[in-house]
Amino acid sequence: MRILVIGAGIIGAALADRLARPADGGRAGRGDAGDTVTVVEERRPGAGTSGTSYAWLNANDPADPAYHRFRTAALRTWRDVAAGFGGPSWYRLAGNTAWAVSADEKARLAARVDGLARLGYAARLIGPDRLRELEPAVRVPGDALIAHYPDEGFVHGGPAAQALALRAQESGARILTGYRAVGLNVEGGRVTGVRLDDGRDLDADLVVCAAGPGAPALLATAGITLPLVDPSAPGSAAPCLVARTTPAPGALNGLVHGPELSVRPAENGGLVLEADDIDAGVDDSVTAERIEAVGTELLARARALVPGLTAKVAEVRRCVRPLPADGRPLVGPQLPGLYTVVTHSGITLGPYLAELVAAEVRGRPAEALEPYRPGR
Ligand SMILES: Cc1cc2nc3c(=O)[nH]c(=O)nc-3n(C[C@H](O)[C@H](O)[C@H](O)COP(=O)(O)OP(=O)(O)OC[C@H]3O[C@@H](n4cnc5c(N)ncnc54)[C@H](O)[C@@H]3O)c2cc1C
């Protein structure tokens, strides 16, 4: 089977890797089913949302136990994938600490820890002494309620997607970078391949759309509407701003989530900073001044959390979450010859989805994907 994967973010790269590598020692590059795998990526692997993502590996919500279990399975898959790369620097299971101060936030945090612990997830309340051991540079108010999740971590999404794409290529997958798939070719109701922006047609038995926020535009060429939150709608939750700082030695070990800031170590030794409350209205028209102001505010919040932090803002990037309307993955066949994999939390879910999708495209239906079909 000729499989064409559109997009080499974490999803497309993990899928290409899974499809191209012989699971049973078979022929390199042809997967375990004699497939040929080609990836079309308009920029370079990891250059899309995955490279900008906050990229927290977690199943930190007990509200929907089935989805929580899906995510914990994904965390297990990540451990295996990381072990397969020999403990790469882009994967860090460094733990997550969260804290709350107001009565409402404390009640929510305590309920979350309780709910997660009941589901068997590693979640516990800790005191200030334990916080000092875990994150010596972090200061939180004396009356804060503090929670710790030792099995969570983060991925540097750009390097992770690059490593997966490279391994797929070493296994024989063809990675075409610098080409945009501008349309799906459809004949008699069946997708037969894609047209590239240089006018070439690439034929395939199966096209897998893993184009992240670029998926709606591509699918629309075959008349398919994907229920993703529109990033250009007023007040949309899809666009956001993420800041990275210059190196900040000794600032943090793992992720820290406070009421006003989410922060984790970055690949350059600095920090990745994000805060939902200052993202609102970051549409295409956002000005350079506004972006700079957000960077300044995020850094001020980081300095309040880590007194003595001398790092500066290195960059603030606007990015777009591929955010399904109900927040859950969109995974499955859409037309004969066409399969879609688009999701938020794609960093957490990527390798697990890749495993499930690789099974499905080879005719082994994955029951775990049933709740997440695009037509639901
Ligand atoms: C600020 C922010 C914070 C986040 N936090 C988390 C988190 O904490 N935990 C978590 O698990 N997830 C998080 N996410 C979500 C996660 O980053 C995404 O779900 C994930 O990166 C999506 O990966 P992807 O491969 O589907 O998309 P992408 O990484 O965007 O990859 C799609 C690729 O397709 C290419 N492409 C698009 N259209 C075409 C085309 N027509 N032809 C050729 N190539 C094309 C693009 O260039 C891109 O490289 C966050 C996202 C953001 C923005």
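Take Thr343: with every protein chain present and a 1.4 Å probe, its accessible area is about 10 Å². Ile278 exposes around 30 Å² of accessible area when a 1.4 Å probe is run over every protein chain in place. Multiplying the residue separation of Glu187 and Glu170 by 0.36 nm and subtracting their alpha-carbon distance yields 2.8 nm. Rounding to the nearest 10 and keeping the result within 0 to 90°, find how far the Cα-based axis of helix 288-305 lies from the longest principal axis of the chain. Its long axis makes an angle of about 50 degrees. Average accessible surface for region 224-376: 41 Å² per residue, computed with a 1.4 Å probe over protein heavy atoms with every protein chain in place. Using only side-chain charges placed at the Cβ, +1 for Lys and Arg and -1 for Asp and Glu, the dipole size of region 230-320 relative to its Cα centre rounds to 440 debye.
Sort region 96-150 into rounded, prolate or oblate with this rule: let a ≥ b ≥ c be the square roots of the eigenvalues of the Cα gyration tensor; rounded if a/c is under 1.5, and if a/c is not under 1.5, prolate when a/b is larger than b/c, oblate otherwise.
oblate
Peptides 160-166, 123-129, ordered by how many other C-beta atoms sit within 10 Å of their residues on average, highest first, read 160-166, 123-129. The angle between the Cα long axis of helix 346-361 and the main principal axis of the chain comes to about 20°, on a 0 to 90 degree scale.
Looking at region 96-150, the accessible area is 53 square angstrom per residue; that uses a 1.4 Å probe and ignores ligands, DNA and RNA.
Largest to smallest in accessible area, the residues Trp56, Trp90, Trp78 fall in the order Trp56, Trp90, Trp78 (1.4 Å probe, all protein chains included). Taking Cα centre as origin and charging only the Cβ of basic (Lys, Arg, +1) and acidic (Asp, Glu, -1) residues, the dipole magnitude of the chain rounds to 660 debye.
To the nearest 10, the accessible area of Cys240 is 10 Å² with a 1.4 Å probe.
Distance between the 7 Å Cα→Cβ label points at Ala304 and Asn268: 2.5 nm.
Projecting the Cα atoms of Ala354, Pro322, Thr310 onto the dipole axis of region 298-376, where Lys and Arg carry +1 and Asp and Glu carry -1 at the beta carbon, places Thr310 farthest toward the positive end.
Nonpolar atom fraction for the chain, defined as the carbon and sulfur part of the 1.4 Å probe accessible area, stands at 51 percent.
The values are calculated or read from the model by the stated rules, or taken from the named source; none is laboratory data. The model shown is predicted, which means the values in this text are computed figures rather than measured ones. As a convention, Cβ positions derive from the backbone with ideal geometry for all residues, glycine included, and neighbour counts pool all protein chains shown. For accessibility, only protein heavy atoms count, side chains too; no ligands or nucleic acids. Shrake-Rupley method; radii C 1.70, N 1.55, O 1.52, S 1.80 Å.
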